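Below: the structure, in structure tokens.
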Amino acid sequence: MTGKQLKVSQGAFLIDYDGPERRGTPRIDKAFPVKVSGTDVNRQAIEADVLLENLSSSGLYLYLPQKVERGASLSVIIRLPSVLTGKELGARVAAHGDVVRVEPRADGYYGLAVAFKHHCFL
């Protein structure tokens, strides 16, 4: 089985991956705004407006300046781009999930993979 050429971001670097797609759900690889809330490793509240790296029906990947523990719960409100919804303003989605991967980056940010537990359109 041959895969398509993918650009997979890992930290601050891009790696060419020429293997089969292993994700269970398709991803939208487009940056768009998300509001994140939760707690960092020091139990300090996080309220941040950041950009997503990618989004699927099962989770998302984003960058935060605060370190968050694997297993921590985060809540997000995502404003989908209008090009995806066909409306003047994009739909909003509220989601709650658990951090399943934390990747320190060279720029001081942390890449976080979040698996959704619940999500709904607002």
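Each value in this text was obtained by applying a stated rule to the coordinates, not by laboratory testing. This is a predicted model, so every value here is computed, not measured. Because the Cβ atoms are built from the backbone with ideal geometry, glycine has one as well, and the counts that use them run over all protein chains shown.
Summary table
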quantity	calculated
Peptides ranked, highest mean first, by Cβ atoms within 10 Å: ranges 46-53, 100-107	46-53, 100-107
About the Cα centre, charge dipole magnitude for the stretch 24-121 (Lys/Arg +1, Asp/Glu -1 at Cβ), debye	200 debye
Fewest-first ranking of ARG70, ARG27, using other Cβ atoms within 10 Å as the exposure measure	ARG70, ARG27
Separation in nanometres of the label points that stand 7 Å from Cα toward Cβ, at ASP107 and LYS67	2.0 nm
Inter-probe distance in nm under a simple model that places probes 7 Å from Cα toward Cβ, at ALA48 and HIS119	1.9 nm
